[in-house]
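Everything below concerns the one structure shown next.
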Amino acid sequence: MTLTLVVDPADQPALFGVAAALHARRVGARFMHGAPLFDLARDADAAQYVFRDGGLGASGLYFVEAILGEPPAAPSSDAELIRAAANGEVVVPVHEGFGQSADGLVDAASAAGVECQVVAIDAESEAAVPRSGQALASAPDDAPVPILFIGRERDHRAVYPAALASLEAAAASAGMALDIRFVDPTTIAAGASIFAGIAGILLPGGSDMANVPGQTLAARHAIEAQLPVLGLCLGMQTMTTAFAQRLLGSEAVNLAEADPQAPTKSFVAMADITDGDTLPAHRTGEQPIRIAPGTRLAAALGCDELPIRCNHRYCVSPTLRPALANGGLVISASSFGDRIVDAVEWPEHPFFMGLQGHPELGVPGGPQSLVFGAFLQAAKAYSESKDRTHGS
């Protein structure tokens with residue numbers, strides 16, 4: 001029995017464990033991993049992968065799950081890694097750039113009588129670069145559909161890759177070419193020229209509250225321009241906030257997490273909701289949500305219940321829900337006896353959908369990924385309608 005340490009020089013959180021997972025698949029061994037240390041000041045979303053049983057891990061584990069075809073387990077201690085290797089073939093990634101070292105594991109394995117081998121990955125090796133989920137470079141007879149991605153490109157390629165990879169995978173599945181245009185949300189201003197020629201807007205999740213004002217402005221533009229928009233986690237929160245601002249005629253509506261002093265809070269901490277049984281303070285892991293029949297979400301998913309990875313501490317404010325409903329916003333998924341809003345949509349809009357969970361996580365091609373396909377079809381229809389208008 002052998003413990004194989006794959007020493008990988010990659011210091012991009014999106015690549016954590018990727019080379020080791022490829023090696024484990026190739027030799028038929030078990031993939032396990034230790035806990036990396038990330039520079040969260042540089043890479044705020046480096047640990048946003050959601051484990052099925054709860055808790056957060058390195059964002060690159062999204063690609064590991066895609067490579068292995070099953071979700072990885074939570075990090076293991078050195079002792080747990082060695083015990084597992086004593087009973088079978090185990091492959092472990094070692095990223096020195098993330099505070100990991102092979103030396104201690106080699107010594108501990110030797111002391112336990114477990115064979116240990118070290119595989120060093122070349123910094124220039126193509127083996128460490130995931131290829132799945134990339135968009136087609138071109139599609140026959142179709143112009144690329146222009147999508148505005150509200151996020152910094154490096155963040156979504158090198159730090160948290162799941163949303164971008166899921167979008168690209170949905171496009172590839174549909175044989176659709178994309179023109180993805182990234183924009184730093186902290187640079188967005190009202191009336192910005194970045195919206196010109198866009199067919200759809202993606203509002204991704206993330207932990208950086210500095211992105212909230214820009215995301216909210218982008219969502220307000222999508223509302224006013226009737227532009228297809230999809231929001232994920234934080235993106236659902238900002239698009240719901242934009243809807244509430246328009247509905248109430250006030251920009252003083254905001255997330256409690258982003259502005260604790262906001263006069264009207266669109267999202268509040270679940271721990272602060274006292275009407276009924278106690279809600280979880282932090283909801284993580286794969287959770288079932290109930291899909292409302294007759295909604296666009298139900299049509300996209302083709303089911304009435306869906307397990308989805310969740311990672312949030314805030315939910316739609318109960319005091320704001322009646323006003324949102326009167327304004328036409330529909331709750332298309334919920335949980336905890338309808339106390340947590342898991343998805344919203346606006347039927348009067350060409351495509352206005354947000355999910356509190358993370359449909360971008362999970363094995364690519366799963367039912368939750370269908371929402372990306374529905375969004376892209378709406379964006380394509382919008383783009384084609386604009387082309388017909390301009391050509392008439």
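For the stretch 1-19, the set of residues classified as within 19 Å of residue 87 (Cβ to Cβ) and in contact with a His (Cβ under 8 Å, 6 or more places away or on another chain) consists of 4 only.
Note on the stretch 47-77: residues that are of a type in the set (Asp, Glu) and at positive phi total 0. Taking the criterion of being among the charged types (D, E, K, R), crowded, with 18+ Cβ neighbours inside 10 Å and part of a helix (DSSP H, G or I), no residue of the stretch 7-30 qualifies. The stretch 81-160 holds strands (runs of 3 or more DSSP E) entirely within its bounds, and those carrying 3 or more residues that are under 23 Å from the mean Cα position of the chain (by Cα) and modelled with pLDDT of 95 or more map to 145-150.
Going residue by residue through the stretch 68-77, is there one that turns out to be among the acidic types (Asp, Glu), over 23 Å from the mean Cα position of the chain (by Cα) and either farther than 14 Å from residue 162 by Cβ or assigned to a strand (DSSP E or B) (or both)? If you could, list the steps in order and put the result at the bottom.
Here is the first cut: in the stretch 68-77, the residues among the acidic types (Asp, Glu) are 70.
Now restrict to residues that are over 23 Å from the mean Cα position of the chain (by Cα): none.
Checked against the condition, which is being among the acidic types (Asp, Glu), over 23 Å from the mean Cα position of the chain (by Cα) and either farther than 14 Å from residue 162 by Cβ or assigned to a strand (DSSP E or B) (or both), the stretch 68-77 yields no hits at all.
Here is a check on your reading of the model: is residue 203 surrounded by fewer than 24 Cβ atoms within 10 Å (Cβ to Cβ) and in contact (Cβ under 8 Å) with a residue 24 or more places away in the chain? It is false that residue 203 is surrounded by fewer than 24 Cβ atoms within 10 Å (Cβ to Cβ) and in contact (Cβ under 8 Å) with a residue 24 or more places away in the chain.
For residue 169, all conditions in the list (1) modelled with pLDDT under 95; (2) crowded, with 18+ Cβ neighbours inside 10 Å; (3) within 24 Å of residue 349 (Cα to Cα) hold save one; what is the number of the exception? If we test residue 169 against (1) modelled with pLDDT under 95; (2) crowded, with 18+ Cβ neighbours inside 10 Å; (3) within 24 Å of residue 349 (Cα to Cα), just (3) comes out false.
Checking the conditions here, which among 285, 235, 302 is touching a residue at least 24 places away in the same chain (Cβ under 8 Å), touching a Cys at 6+ places or on another chain (Cβ under 7 Å), assigned by TED's automatic domain parsing to the domain that holds residue 150 and among the small types (Gly, Ala, Ser)? Show your work before the answer.
On the way: 235 fails: touching a Cys at 6+ places or on another chain (Cβ under 7 Å); 302 fails: touching a Cys at 6+ places or on another chain (Cβ under 7 Å).
Just a single option satisfies the conditions, and that option is 285.
For the stretch 305-333, give me each residue that is closer than 19 Å to residue 268 by Cα, touching a residue at least 24 places away in the same chain (Cβ under 8 Å) and among the polar types (S, T, N, Q). Of everything in the stretch 305-333, those that are closer than 19 Å to residue 268 by Cα, touching a residue at least 24 places away in the same chain (Cβ under 8 Å) and among the polar types (S, T, N, Q) turn out to be 311, 317.
Select from the stretch 42-83 the residues that are under 22 Å from residue 101 (Cβ atoms), of a type in the set (Gly, Ala, Ser) and surrounded by fewer than 22 Cβ atoms within 10 Å (Cβ to Cβ) and list them in ascending order.
Filtering the stretch 42-83 down to residues under 22 Å from residue 101 (Cβ atoms) leaves 42-43, 46-47, 57-61, 64, 72-83.
Right, trim to of a type in the set (Gly, Ala, Ser) and you get 46-47, 57-60, 73-74, 76-77, 79.
Hits for the stretch 42-83 are 73, 74, 76, 77, 79.
The values are calculated or read from the model by the stated rules, or taken from the named source; none is laboratory data. Just so it is clear, the structure is predicted and the values come from calculations on it, not from any experiment. Counting neighbours? That spans all protein chains shown, and the Cβs are built from the backbone with ideal geometry, glycine included.
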